[in-house]
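*Asks:* Take a look at this one; I'll ask things after.
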Amino acid sequence: TDEPLVLGIETSCDETGVGIVRGQTLLANAVASSLEEHARFGGVVPEVASRAHLEAFIPSLERAARDAGVRLSDIDAVAVTSGPGLAGALLVGVAAAKALALALDRPLYGVNHLAAHVAVDTLEHGPLPQPCVSLLVSGGHSSILLVEDVTQNVQPLGSTIDDAAGEAFDKVARLLGLPFPGGPFIDREAKAGDPAYVTFPRGLTSPRDLERHRFDFSFSGLKTAVARWVETRQRAGESVPVADVAASFQEAVCDVLTRKAVDACRTHGVDDLLIGGGVAANSRLRAMAEERCAAAGIRLRVPRPGLCTDNGAMVAALGAQLVARGLAPSRLDVPADSALP
Ligand code: KG4
Ligand code: ZN
């Protein structure tokens, strides 16, 4: 076919991702994670992540080419996450992408990580209805975006003012003695728990907060509330009902996320909601979003977990959409910008 073969590189956090697409057809998605190296620190250590990218990049590139059954010389364009993310981690991917673009004499596209999380859904569910609202929730970001056009017009409606949703899952899991990263373990524990056991606070949902922070999130107060609740129990010499606390915490997070996402759709007259990021794997979030979207007449799209977490295919998918739209490539000196808006 004459659809462009696009290579995508993602190194903004702890995943080294190299993906290959032909148009909007996924051919390969090689992901190497350094998560286990960070586990004993209870969070991602930037320096460790950068070194891991350096080691994992070439093997991931070779695996992606092999999985896709293509040679690097067949690649038509190279796309890379230029930000936001960890500065040192981004630099590895951006430098690698520049080297490839230069060596292959192909155009280079520096892309926004959050836009790539949105664009990836096209690989699974076909063309994205636009405008749409996107709720992106991971260990590094929690945002509501108004996506007018994923290639050139994505407006932030709100984001977390403290911890990211995934970060809150990880911190509460730690408090409950569950392994890192805690999200999947809370999800599993919560299945046997009572979500109404404790009513934890829903951050930034009071009428007064909504005036200024209608589509923003805050999870640090929730985390503190769980910590206090657990401490009080322990000090009284009582055991902590882990499943019930996990379920009650998860309920609070999912309630706020879905409430604000649906409100954003309604406010902007949008009928399609896309949820992405690692936390989109959460079973309660999916169920609650389905329920509330159905009740509000909103169509819901959630990519499969392997496309929700950080990966190279999402970058390749957005790159291919930029190529298809005939948009200009980046200059070879495109910077790695950790604070890219
Ligand atoms: O997108 P991601 O792989 O990496 C970035 O942070 O960018 O997201 C990882 C986050 C972690 O905080 C992890 O605990 C959370 O996603 N997570 C979950 C679940 N699976 C992963 N959180 C809640 N429920 C899950 N099932
Ligand atoms: Zn991400």
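*Asks:* Could you identify the single residue in 337, 271, 333 that is outside the structural domain of residue 75 (by TED's automatic domain parsing) and over 26 Å from residue 88 (Cβ atoms)? Full working, then the answer.
*Replies:* Details: 337 fails: over 26 Å from residue 88 (Cβ atoms); 333 fails: over 26 Å from residue 88 (Cβ atoms).
Among 337, 271, 333, only 271 is outside the structural domain of residue 75 (by TED's automatic domain parsing) and over 26 Å from residue 88 (Cβ atoms).
*Asks:* Now for a different question. Which one is nearest to residue 231 (Cα to Cα), of the residues in the range 177-198 that are within 13 Å of ligand 1 (Cβ to nearest atom) and assigned to a loop (DSSP other than H, G, I, E, B)? Lay out the reasoning, then the answer.
*Replies:* First, the residues of the range 177-198 that are within 13 Å of ligand 1 (Cβ to nearest atom): 178-191.
Pick out the ones that are also assigned to a loop (DSSP other than H, G, I, E, B) and you get 178-182, 191.
Details: 178: 16, 179: 19, 180: 20, 181: 22, 182: 19, 191: 23 Å.
For the range 177-198, the residue satisfying everything is 178.
*Asks:* Now for a different question. Of the residues in the range 37-58, how many are assigned to a helix (DSSP H, G or I) and within 22 Å of residue 120 (Cβ to Cβ)? Give the steps one after another, and end with the answer.
*Replies:* Of the residues in the range 37-58, the ones assigned to a helix (DSSP H, G or I) are 37-39, 46-58.
From the residues that got through so far, the ones that are within 22 Å of residue 120 (Cβ to Cβ) too are 49, 53, 56-57.
The total comes to 4.
*Asks:* Check off (1) touching a strand residue (DSSP E or B) at 6+ places or on another chain (Cβ under 6 Å); (2) surrounded by fewer than 20 Cβ atoms within 10 Å (Cβ to Cβ) for residue 104 and give me the number that stays unchecked.
*Replies:* So residue 104 meets the others, but not (1).
*Asks:* Oh, and also: Which members of the range 7-39 meet the condition of being hydrophobic (A, V, I, L, M, F, W, C) and within 16 Å of ligand 2 (Cβ to nearest atom)? If you could, list the steps in order and put the result at the bottom.
*Replies:* At the first step, the residues of the range 7-39 found to be hydrophobic (A, V, I, L, M, F, W, C) are 7, 9, 13, 18, 20-21, 26-28, 30-32, 35, 39.
Selection gives 9, 13, 18, 31, 32, 35.
*Asks:* Next up: Looking only at residues that are of a type in the set (S, T, N, Q), more than 15 Å from ligand 2 (Cβ to nearest atom) and part of a strand (DSSP E or B) in the range 116-158, which one is farthest from residue 182 (Cα to Cα)? Give the derivation first.
*Replies:* Quick first cut of the range 116-158, residues of a type in the set (S, T, N, Q) only: 122, 130, 134, 138, 142-143, 151-153, 155.
Cutting the leftovers down to more than 15 Å from ligand 2 (Cβ to nearest atom) gives us 122, 130, 151-153, 155.
Subset that is part of a strand (DSSP E or B): 153, 155.
Numbers: 153: 34, 155: 30 Å.
Per the criteria, the residue is 153.
*Asks:* Okay, next question. Of the numbered conditions (1) more than 16 Å from ligand 1 (Cβ to nearest atom); (2) under 17 Å from the mean Cα position of the chain (by Cα); (3) β-branched (Val, Ile, Thr), residue 160 satisfies every one except a single condition; which is it?
*Replies:* Here residue 160 meets the rest and fails (1).
*Asks:* Among the residues of the range 59-71, is there at least one that is in contact (Cβ under 8 Å) with a residue 40 or more places away in the chain, outside any helix (DSSP H, G or I), surrounded by fewer than 15 Cβ atoms within 10 Å (Cβ to Cβ) and of a type outside the set (A, V, I, L, M, F, W, C)?
*Replies:* Here is the first cut: in the range 59-71, the residues in contact (Cβ under 8 Å) with a residue 40 or more places away in the chain are 60-61, 63-65, 67-70.
If we keep only those that are outside any helix (DSSP H, G or I) as well, we get 69-70.
Cutting the leftovers down to surrounded by fewer than 15 Cβ atoms within 10 Å (Cβ to Cβ) gives us 69.
Then keep just the ones that are of a type outside the set (A, V, I, L, M, F, W, C); that gives 69.
Yes; the residues of the range 59-71 include at least one that is in contact (Cβ under 8 Å) with a residue 40 or more places away in the chain, outside any helix (DSSP H, G or I), surrounded by fewer than 15 Cβ atoms within 10 Å (Cβ to Cβ) and of a type outside the set (A, V, I, L, M, F, W, C).
Condition check ((1) of a type in the set (A, V, I, L, M); (2) outside the structural domain of residue 319 (by TED's automatic domain parsing); (3) more than 16 Å from ligand 1 (Cβ to nearest atom); (4) in contact with a Lys or Arg (Cβ under 7 Å, 6 or more places away or on another chain)) across all residues:
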position	(1), (2), (3), (4)
33	no, no, no, no
37	no, no, no, no
69	no, no, yes, no
90	yes, no, no, no
95	yes, no, yes, no
101	yes, no, yes, no
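*Asks:* Give the range 241-272 a look and list any residue that's β-branched (Val, Ile, Thr) and within 10 Å of residue 284 (Cβ to Cβ), or say none.
*Replies:* At the first step, the residues of the range 241-272 found to be β-branched (Val, Ile, Thr) are 242, 245, 253, 256, 258, 262, 267, 270.
Correct list: 253, 258.
*Asks:* Filter the range 269-303 for residues that are among the acidic types (Asp, Glu) and away from ligand 1 (no atom under 16 Å from the Cβ) and give the result.
*Replies:* Filtering the range 269-303 for residues among the acidic types (Asp, Glu) gives 271-272, 290-291.
Passing the criteria: 271, 272, 291.
*Asks:* I'd like the residue in the range 216-242 that is among the β-branched types (Val, Ile, Thr) and in a helix (DSSP H, G or I) and, out of all such residues, is surrounded by the most Cβ atoms within 10 Å (Cβ to Cβ). So that I can check it myself, show each step before the final result.
*Replies:* Initial filter on the range 216-242 (among the β-branched types (Val, Ile, Thr)): 224, 226, 230, 232, 240, 242.
Still in the running and in a helix (DSSP H, G or I): 224, 226, 230, 232, 242.
Details: 224: 12, 226: 23, 230: 17, 232: 11, 242: 20.
So the residue we want is 226.
*Asks:* Has the range 166-175 got at least one residue that is at positive phi, away from ligand 2 (no atom under 14 Å from the Cβ) and more than 19 Å from the chain's Cα centre (by Cα)?
*Replies:* Residues of the range 166-175 that are at positive phi, as a first pass: none.
Checking the range 166-175: not a single residue is at positive phi, away from ligand 2 (no atom under 14 Å from the Cβ) and more than 19 Å from the chain's Cα centre (by Cα).
*Asks:* With respect to residue 257, determine if the residue is closer than 30 Å to residue 109 by Cα and in contact with a strand residue (DSSP E or B) (Cβ under 7 Å, 6 or more places away or on another chain).
*Replies:* Working: closer than 30 Å to residue 109 by Cα: no; in contact with a strand residue (DSSP E or B) (Cβ under 7 Å, 6 or more places away or on another chain): yes.
Taking the combined requirement at face value, the residue does not satisfy it.
*Asks:* Same structure, new question: Under 9 Å between Cβ atoms, at least 6 apart or on separate chains: pull out the pairs that start in the range 314-337 with a residue that is without any contact (Cβ under 8 Å) to a residue 12 or more places away in the chain and end on any residue that is of a type outside the set (Gly, Ala, Ser) and part of a helix (DSSP H, G or I).
*Replies:* Pairs that qualify, where the first residue is without any contact (Cβ under 8 Å) to a residue 12 or more places away in the chain and the partner is of a type outside the set (Gly, Ala, Ser) and part of a helix (DSSP H, G or I), are 328/322; 333/98.
The values are calculated or read from the model by the stated rules, or taken from the named source; none is laboratory data. Bear in mind that the values here come from a model prediction, so they are computed numbers and not experimental data. Every residue, glycine among them, receives a Cβ derived from its backbone with ideal geometry; neighbour counts consider all protein chains shown.
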